[in-house]
Amino acid sequence: MKIKVKVYLEEKDTEELVELKGNKVKDVLDKLNIDSGIVIVANKDNEVVTGDYVLGEDERIKINPVISGG
């Protein structure tokens, strides 16, 4: 099954249309070569989601870099 997902990359301030063979957030991160440990992913309702979150066709997610400090 192939789906298309709109991905907003906060760090680059760009949006991409990504075609996936899978249907989970981790599939998007793998396709874009992004380490899941350095980002936070939010769905269209701005809720934080995990790598196992199932995406629908034409869904939009936002990938934000993790910011830490001390």
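Some points to look at:
- Each residue of region 37-51 is assigned a 3J(HN,Hα), and the resulting list reads x, 10, 9, 10, 10, 10, 8, 5, 8, 6, 9, 5, 10, 9, x Hz, derived from the Karplus form 6.51 cos²θ - 1.76 cosθ + 1.60 (θ = phi - 60°), x at Gly and Pro.
- Of (i) 20, 61, 16, 2, 0; (ii) 19, 39, 18, 13, 8, 3, 0; (iii) 20, 52, 22, 6, the label for P(r) over Cα pairs in 10 Å bins from 0, in percent derived from the coordinates: (i)
- Å² per residue, accessible surface of the chain at 1.4 Å: 68
- Difference of contour (0.36 nm per residue) and Cα-Cα distance, Asn33 to Asp45: 1.9 nm
- The chain: antiparallel DSSP beta bridges as a percent of all, rounded to 5: 80
- Charging the Cβ of each Asp and Glu at -1 and of each Lys and Arg at +1, and nothing else, the dipole of the chain about its Cα centre rounds to 180 debye.
- Efficiency of FRET from Cβ geometry, Glu15 and Asp52, R₀ 25 Å, rounded to 0.05: 0.60
- The sum of -39500 (n - 2.57) across all DSSP H runs of n ≥ 4, divided by the residue count of the chain, sets its helix-only mean residue ellipticity at 222 nm to -2500 deg cm²/dmol.
- Carbon + sulfur, % of accessible area of the chain - ligands and nucleic acids excluded, 1.4 Å: 46
The values are calculated or read from the model by the stated rules, or taken from the named source; none is laboratory data. Just so it is clear, the structure is predicted and the values come from calculations on it, not from any experiment. No Cβ is skipped: glycine too gets one built from the backbone with ideal geometry, and neighbour counts run over all protein chains shown. Ligands, DNA and RNA are excluded from the accessible area calculation, which covers all protein heavy atoms including side chains. Shrake-Rupley method; radii C 1.70, N 1.55, O 1.52, S 1.80 Å.
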